[in-house]
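*Asks:* Provided herewith is a single structure, encoded as structure tokens, for subsequent inquiry.
The values are calculated or read from the model by the stated rules, or taken from the named source; none is laboratory data. This one's a predicted model, so the numbers in the text were calculated from it and none came from an experiment. Every residue, glycine as well, gets a Cβ built from its backbone with ideal geometry; the counts of neighbours run over all protein chains shown. Areas reflect the complete protein model, heavy atoms only, side chains present, ligands, DNA and RNA absent. Shrake-Rupley method; radii C 1.70, N 1.55, O 1.52, S 1.80 Å.
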Amino acid sequence: MLKYRLSLFLFTFLIIQSSAQLRDRISLSGEWQFFKGDTETSSQVEHVTVPHSWNAQDGTTADYYRGKGTYRYNFDLPKNTKKKRVFLRFEAVSQEADVFLNGQYLGNHKGAFNAFCFEITPYLKKKDNELIVKANNILNPDIAPLSGDFTIFGGIYRPVSLLILPQTCITPLDYASSGIYIKQTEIQDHKATIDITTKIDGDISGNKKLRLRTSVFDPTGKLVTTSENEEIRASENTVAIDQRIYLDNPILWNGKAAPNQYRFFCELLQGKKVIDTLSVYTGLRYFKVDPQKGFFLNGKSYQIRGVNRHQDRPGKGWAISEKDHQEDMQLIKEIGANGVRLAHYPHSDYFYSLCDKEGLLVWAEIPFIGNGTESTAFEENLKQQLTELIRQNFNHPSIFCWSLFNELVKGNPEKLVAELNDLAHKEDPTRLTVAAANIEGRPENKITDIMAFNTYPGWYWAEPETMGPSIDWKKDEKRGVCISEYGAGASIKHHQQRMKKAPKCEGDFHPEEWQAIVHEGNYKEIDKRDFVWGSFVWNMFDFASGGRKEGDTYGMNDKGLVTYDRKTPKDAFYFYKANWSEKPVLHITSKRHIERTEPETDIKIYSNCSDITLYVNGMKYAGNSGDHNIFIWKNIRLQPGKNKIRVTGTFNKETITDQCEWILKN
Ligand code: GCB
């Protein structure tokens, strides 16, 4: 036993050793030169830090700059490149990029959200290589999206790296993916069939005695199986190698409860020598949507109750850091959601990885929004963006569906949606296709495997409770239904008590209280219906939408449960937290409504505690029972001047308290 452990340790050690020497990644993030436009005048040149967006400051204004921007970066050849190949990989440039190295044109990339990669080996010099990126975020009829309620921040807004790889390598050039695709052909509780495809690029045609060995480590780090191919015979210099492995009793990736992941360690050998290695991770799981009973993960009911997310932040736009991603994830975890719709475009690989680790179910999406042109170039661009999304994110266990459009309202996109649907199935037969519509009965709504609707009862129309009939109209006997968006705008500076009807959605006054009422009313209706396989609040965070003129700040969509700076959760956040979280929640709503003019008020608490007791200026009010963890005391009299509001509850035998002060003005 000890001998076995020792050899396993040595084996793992050797692999780590060899991979460290074979591949390298050098970050080109840091100081770059930048100027707006494409012809340089020295006065214009700024020193900026990449990731960068030129709309970091003006992205919340109606006439934010949608134009050209040029970046320059100079670097010496890194030391470890002898006999290696060098690739340049961008994680995203918004929204179009032309890239040049030492005057040599490397190529163009269209689409703001996916990675792309070029080989640069032949163009490198020892010293002072000059990299130029000419980018633009000009509205272009050939690039999706053509519309949308969000700012298209321009720039090199995700990291850039050099990949230093062996001459013959697992390729980074297949739509900038990892080159390894772990297909979960059949997963059950007791066995798994997995098909691995590894794409190799280099000097491989003829008899090069190449073999591929894939070792699989379970979530505890134990080597569970190894698959090794016969020698590879290829006529071209790129080849895709297929391997099938079987596992008994796989340790499943089981959502938030157990987000277990396996490691697939691929080694490329020439004769006995290991010439390239790469590890990828995935979690094994199976899922389905039952049209009557909703979502099932690994055979058990697991309704998705989640939030939507946009990726921007104040002062940064889309150029956010890993720390920012972590903070978003922390808040999504805190609220207790079990799923997230990463709207309306591909998000950063880092964020999908956080979702894998936290066990969130992810809806991933391409930016086909509003309307399409009939142009072939536009259609090809959407297909390219879908292929990139799928290949780059193929191994993320969190992703369960590929979404093909959001709210198509113009034209006849049916044929294109059908082609995208076929493409998604061809690229990935293991996940579901989905789309989000806002108009029932349109022909393109019938195409995807499952379907979802954006609906805003209580905000853009009707009362919050109209969510009930709104869902029932949309119910599909074969595909169930998901509410992919619902919500209301809210400012933490605007307050009103005893609200009976919606404020003007296009107006400036967006009281926090009404947003909470909409969510309570909407969510109760969603929660009653088992056939609603998923629901996603619009939106977890306020986000930039340059053209909007409403609420307390123009240029923003304020439907977030949390403010744009991520500092203040609004009351509605605590409604969900009280319903979803396993941690204690006891929250007095309207705390920020400090200055009161009405002597009588209702007091509303969101809580998952028991024995809830309210004290107003020391006077005790017995608890009442709360539907969906909402507790309301009606017509409580405030005294002129200061009022002390305190509430206590019990959670796991612990006493929890919340308090605030309101001032009744005479
Ligand atoms: C929608 C859109 C989303 C908007 C949202 C809103 O239906 O899909 O992009 O931001 O409504 O707030 O109006």
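*Asks:* Which of rounded, prolate, oblate describes segment 488-642, given a ≥ b ≥ c as roots of the alpha-carbon gyration tensor eigenvalues and a/c under 1.5 marking rounded, otherwise prolate only if a/b is larger than b/c? It would help to have the intermediate numbers written out before the result.
*Replies:* Numbers: a/c = 1.97, a/b = 1.22, b/c = 1.61.
Oblate shape, in that a/c is at least 1.5 and b/c is the bigger or equal ratio.
*Asks:* Could you please put Glu379, Glu31 in sequence from largest to smallest accessible area, using a 1.4 Å probe? Numbers along the way, then the final one.
*Replies:* Numbers: Glu379 35, Glu31 125 Å².
Result, largest first: Glu31, Glu379.
*Asks:* For segment 412-552, which whole-number percentage of the solvent-accessible area (1.4 Å probe, protein heavy atoms only) is attributable to carbon and sulfur atoms?
*Replies:* Details: 2690 of 5200 Å².
Roughly 52 percent of what the probe reaches on segment 412-552 is carbon or sulfur.
*Asks:* Run lengths n ≥ 4 of DSSP H only: what is the helix-derived mean residue ellipticity at 222 nm for the chain, with -39500 (n - 2.57) per run over all residues, to the nearest 500? Don't skip to the end; give the middle numbers.
*Replies:* Values: 8 runs with 111 residues, N = 666.
The per-residue figure over the chain is -5500 deg cm²/dmol.
*Asks:* Now for a separate question. For segment 177-282, which whole-number percentage of the solvent-accessible area (1.4 Å probe, protein heavy atoms only) is attributable to carbon and sulfur atoms?
*Replies:* Values: 2160 of 4860 Å².
Using a 1.4 Å probe with all protein chains present, segment 177-282 comes out at 44 percent carbon and sulfur.
*Asks:* For Asp58, enumerate residues with amide H under 5 Å from its amide H, sequence gap 5+ or separate chain, H modeled in the peptide plane.
*Replies:* Those qualifying (amide H under 5 Å, at least 5 residues apart or on another chain) number zero.
*Asks:* Can you return the lysines within cross-link range of Lys323? Criterion is Cα-Cα under 20 Å, with same-chain partners fewer than 8 residues away left out.
*Replies:* Lys323 reaches Lys333, Lys357, Lys567.
*Asks:* Another question about this same structure. If you stretched the chain out fully between Thr597 and Lys567, how much longer would it get, using 0.36 nm times the residue separation minus the C-alpha to C-alpha distance?
*Replies:* Working: separation 30, 0.36 × 30 = 10.80 nm, distance 2.79 nm.
In short, 8.0 nm is gained.
*Asks:* Amide H neighbours of Cys609 under 5 Å, at least 5 residues apart or on other chains, H built in the peptide plane: list them.
*Replies:* Here Val585 satisfy the definition.
*Asks:* Residues with amide H under 5 Å of Val224's amide H, sequence separation 5 or more or different chain, H placed in the peptide plane at 1.01 Å from N; which?
*Replies:* So Val224 has HN proximity to Val216, Phe217, Asp218.
*Asks:* Something else about it: List the residue ranges in the chain for DSSP H helices whose C-alpha atoms run 18 angstrom or more along the long axis and whose Kyte-Doolittle average is -0.5 or above. Kindly include the intermediate steps, with their values, before the conclusion.
*Replies:* On the way: long enough: 2-22 (30 Å, 1.06); 322-335 (20 Å, -1.49); 376-392 (24 Å, -0.81); 414-427 (20 Å, -0.66); 512-528 (25 Å, -1.36).
Helices passing the filter in the chain: 2-22.
*Asks:* So what's the gap between the Cα centers of segment 405-484 and segment 317-339, to the nearest angstrom?
*Replies:* First find each Cα centre; the distance between them is then 26 Å.
*Asks:* Just to check I understand the Karplus step: with θ = phi - 60° and J = 6.51 cos²θ - 1.76 cosθ + 1.60, what whole-Hz values come out for segment 277-294, glycine and proline as x?
*Replies:* 9, 7, 9, 10, 10, 8, x, 9, 7, 9, 8, 7, 10, 9, x, 9, 10, x
*Asks:* Want the number for Ile439 to Glu31: 0.36 nm per residue separation, take away the alpha-carbon distance, what's left? List each step's numbers first, then the result.
*Replies:* Working: separation 408, 0.36 × 408 = 146.88 nm, distance 4.66 nm.
Between Ile439 and Glu31, full extension yields an extra 142.2 nm.
*Asks:* What is the packing order of peptides 65-78, 324-337, taking the mean over residues of other C-beta atoms within 10 Å and listing the highest first?
*Replies:* On the way: 65-78: 16.8, 324-337: 18.5.
For the peptides 65-78, 324-337, the packing ranking is 324-337, 65-78.
*Asks:* Could you go through segment 584-597 in sequence order and give the Karplus-derived ³J(HN,Hα) for each residue, using 6.51 cos²θ - 1.76 cosθ + 1.60 with θ = phi - 60°, rounded to whole Hz, and x for Gly and Pro?
*Replies:* With the stated coefficients, segment 584-597 comes to x, 10, 8, 9, 7, 7, 6, 4, 6, 7, 6, 8, 10, 10 Hz.
*Asks:* A further question on this structure: Ordering Tyr64, Tyr123 by how much accessible area each has at a 1.4 Å probe, largest first, what is the list?
*Replies:* Details: Tyr64 30, Tyr123 75 Å².
These residues rank, largest area first, as Tyr123, Tyr64.
*Asks:* Accessible area per residue for segment 24-169 in Å², computed with a 1.4 Å probe and the full protein assembly in place, what is it?
*Replies:* Numbers: 6050 Å² over 146 residues.
Averaged over the residues of segment 24-169, the accessible area is 41 Å².
*Asks:* To the nearest 20 debye, what charge dipole does the chain have about its Cα centre, counting +1 at the Cβ of each Lys and Arg and -1 at the Cβ of each Asp and Glu?
*Replies:* On the way: 86 positive and 85 negative charges, 368 e Å.
Magnitude of the dipole: close to 1760 debye.
*Asks:* Lys134: which aspartates and glutamates have alpha carbons under 17 Å from its alpha carbon, excluding same-chain residues fewer than 8 sequence positions away?
*Replies:* Glu31, Asp38, Glu40, Glu46, Glu91, Glu96, Asp98
*Asks:* Lysines within cross-link reach of Lys84: Cα-Cα under 22 Å, excluding same-chain residues under 8 positions apart?
*Replies:* Lys125, Lys126, Lys127, Lys199, Lys208, Lys209, Lys272, Lys273
*Asks:* Cα centroids of segment 582-647 and segment 253-275: how far apart, whole angstrom?
*Replies:* Between the Cα centre of segment 582-647 and that of segment 253-275, the gap is 53 Å.
*Asks:* With N residues in segment 316-414, what two-decimal value do you get for its Cα radius of gyration over 2.2 N^0.38 Å? It would help to have the intermediate numbers written out before the result.
*Replies:* Working: Rg = 15.0 Å, N = 99, 2.2 N^0.38 = 12.6 Å.
Ratio of Cα Rg to 2.2 N^0.38 Å: 1.19.
*Asks:* Where only protein heavy atoms count, and the probe is 1.4 Å, what is the accessible area per residue for segment 432-584 in Å²?
*Replies:* Numbers: 5310 Å² over 153 residues.
Counting only protein heavy atoms, the per-residue value for segment 432-584 is 35 Å².
*Asks:* Applying the Karplus parametrisation 6.51 cos²θ - 1.76 cosθ + 1.60 with θ = phi - 60° to the phi angles of segment 602-609, what ³J(HN,Hα) value in whole Hz is obtained for each residue in order, glycine and proline being reported as x?
*Replies:* 8, 10, 10, 10, 9, 7, 10, 8
*Asks:* Send over a whole-number figure in Å² for the accessible area per residue of segment 595-664, probe 1.4 Å. Can you show the working numbers first?
*Replies:* Working: 3840 Å² over 70 residues.
Here the per-residue accessible area is 55 Å².
*Asks:* What's the magnitude of the charge dipole for segment 568-627 around its Cα centre, counting Lys and Arg as +1 and Asp and Glu as -1 at the beta-carbon? Answer in Debye, nearest 20.
*Replies:* Numbers: 8 positive and 8 negative charges, 50 e Å.
Here the size comes out at about 240 debye.
*Asks:* Would you mind working out the magnitude of the charge dipole of segment 303-370 relative to its Cα centre, with +1 at each Lys and Arg C-beta and -1 at each Asp and Glu C-beta, to the nearest 20 Debye? Intermediate results must be reported in sequence, preceding the final value.
*Replies:* Working: 8 positive and 10 negative charges, 32 e Å.
It works out to roughly 160 debye.
*Asks:* So between Ala462 and Glu661, what do we pick up on full extension, going 0.36 nm a residue minus the alpha carbon distance? Write out the running numbers ahead of the final one.
*Replies:* On the way: separation 199, 0.36 × 199 = 71.64 nm, distance 3.41 nm.
The span from Ala462 to Glu661 would gain 68.2 nm if fully extended.
*Asks:* Cα gyration tensor of segment 295-579, axes a ≥ b ≥ c as square roots of the eigenvalues: rounded (a/c below 1.5), prolate (a/b > b/c) or oblate?
*Replies:* On the way: a/c = 1.43, a/b = 1.33, b/c = 1.08.
The shape class here is rounded.
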